[in-house]
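Following: one structure in structure tokens, then a few remarks.
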Amino acid sequence: NKGNYEHYMQKEIHEQPESLTTTMRGRLIRGGSCKAKSVLLGGLKDHLKTIRRSRRIVFIGCGTSYNAALAARPILEELSDLPVTMEIASDLVDRQAPIYREDTAVFVSQSGETADTLQALEYASENGALCVGITNTVGSAIARKTHCGVHINAGAEIGVASTKAYTSQIVVMAMLALAIGGDTISTQARREAIIDGLCDLPNKVREVLKLDQEMKVLAKQLIAEQSLLVFGRGYNYATALEGALKVKEVALMHSEGILAGEMKHGPLALVDENLPILVIATRDACFSKQQSVIQQLHARKGRLIVMCSKGDAASIFPGGSCRVIEVPQVEDCLQPVINIVPLQLLAYHLTVLRGYNVDQPRNLAKSVTTQ
Ligand code: UD1
Ligand code: BG6
């Protein structure tokens, strides 16, 4: 049921404050004066010791689910103090890459039925790794075949392009990082700040959704373009990949997410006064590096759209003017949840304006169960 919305994708974008609330329900322990704030993931509580003792964490997924894991990787590394590596499911299987008994392999899948991810799961399981699932679908193959896991509880997602599952996956993986790092005194203040940030996240998503009409105006300006580049780094490298994936999947426009640190190693050759480039430059430890990227793209007459933290619009671009998307600032590791929303809205409006099928894009399927 689409309710008052024209498309499922639109409905699912706008219901993210509620889906995120459901994802976190019962899992954040705020605690009283004597009890510290903590996280409770029922499906993992008996396995946390094994995870903490493992040699590394390997994230495995496809498409949007892979991007969600990439967004959560920095906070996992920070709070677990373990190496965290990334694998696209098909590539892991193609390479028959080393997976060991001492590994924790985390399988991220909205549907829980993706053939590539399932095959990677069988492979990792045969190799003796602890297999953890992060799925949206109770009773799905991945939920059943993993040793333990977490349901993201985002509610059914109908639109082929994943939106609310993406933000719920990131939140679950942030909670996973908090759970793994749960008994470390040195990170307690950081963990409590993240828990406060999680509690307030639905409100902040509600705020960023107000950019809907602004994104429609931007979509009108981009309607006839051939291509859109999206630059991000750090916590928001994943946002660049996922924003570009949304535009590609539904608006059928070429779009590429680029790690800003790689700009000089190739992508800079594409920059001219015609190609639109969106730079994500919200406040975090990478902010000054992103400011320098903006200056360099501007020096080459790049056609810039900058996403920045609220209040930074005037200062982000000294000596010039460009289109700015101002978003509410949250705890750095949760910022990808906020930053993807305007890009989901942009992809949605671009699709409608270009006259394409929003919920069932050409050639794509919600769940790819064959190889
Ligand atoms: C569970 C109940 C929830 C109830 C809550 C009360 C289910 C599906 N969930 O939620 O309805 O309100 O207890 O305490 O009945 N799992 C995997 N792989 C996956 C995902 C999950 O093996 O990919 C396993 C988990 O390890 C766990 C079980 O499935 O054993 C349920 O997981 P989850 O729903 O996340 O657990 P709770 O949040 O505790
Ligand atoms: C398909 C979908 O390609 O599978 C994508 O069209 C999705 O939206 C990808 O990200 C992975 O799916 P899942 O269910 O494993 O998360």
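The values are calculated or read from the model by the stated rules, or taken from the named source; none is laboratory data. Given the structure is predicted, the values throughout are model-derived calculations rather than measurements. Glycine also receives a Cβ, built like all others from the backbone with ideal geometry; neighbour counts cover every protein chain displayed. Side chains are part of the model used for accessible areas, which takes the heavy atoms of the whole protein and leaves out ligands, DNA and RNA. Shrake-Rupley method; radii C 1.70, N 1.55, O 1.52, S 1.80 Å.
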Legend entry - Index of the failed condition, residue 136 passing every other in (1) over 16 Å from residue 60 (Cα atoms); (2) touching a residue at least 24 places away in the same chain (Cβ under 8 Å): (1)
Legend entry - Within segment 234-274, considering residues that are under 15 Å from the mean Cα position of the chain (by Cα) and of a type in the set (Gly, Ala, Ser), the one farthest from residue 9 (Cα to Cα): 234
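Per-residue answers, yes or no, for (1) of a type in the set (D, E, K, R); (2) touching a Pro at 6+ places or on another chain (Cβ under 9 Å); (3) assigned to a helix (DSSP H, G or I); (4) crowded, with 19+ Cβ neighbours inside 10 Å:
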{"position": "23", "(1), (2), (3), (4)": "no, no, yes, yes"}
{"position": "44", "(1), (2), (3), (4)": "no, no, no, yes"}
{"position": "59", "(1), (2), (3), (4)": "no, no, no, yes"}
{"position": "65", "(1), (2), (3), (4)": "no, no, yes, yes"}
{"position": "69", "(1), (2), (3), (4)": "no, no, yes, yes"}
{"position": "78", "(1), (2), (3), (4)": "yes, no, yes, no"}
{"position": "87", "(1), (2), (3), (4)": "yes, no, no, yes"}
Legend entry - Selection count, segment 10-19, where residues are out of contact with any Ser or Thr (no Cβ under 6 Å at 6 or more places or on another chain) and open to solvent by less than 50 Å² (accessible area, probe 1.4 Å): 5
Legend entry - Residue under evaluation residue 356, criteria (1) farther than 20 Å from residue 239 by Cβ; (2) open to solvent by 60 Å² or more (accessible area, probe 1.4 Å); (3) away from ligand 2 (no atom under 16 Å from the Cβ), criterion not met: (3)
Legend entry - Answer residue from segment 89-116, given it is within 15 Å of ligand 2 (Cβ to nearest atom) and among the acidic types (Asp, Glu) and is surrounded by the fewest Cβ atoms within 10 Å (Cβ to Cβ) among those: 91
Inset, instruction - Select from segment 129-151 the residues that are more than 8 Å from ligand 1 (Cβ to nearest atom) and either open to solvent by less than 30 Å² (accessible area, probe 1.4 Å) or within 16 Å of residue 173 (Cα to Cα) (or both) and list them in ascending order. - result: 129, 130, 131, 136, 141
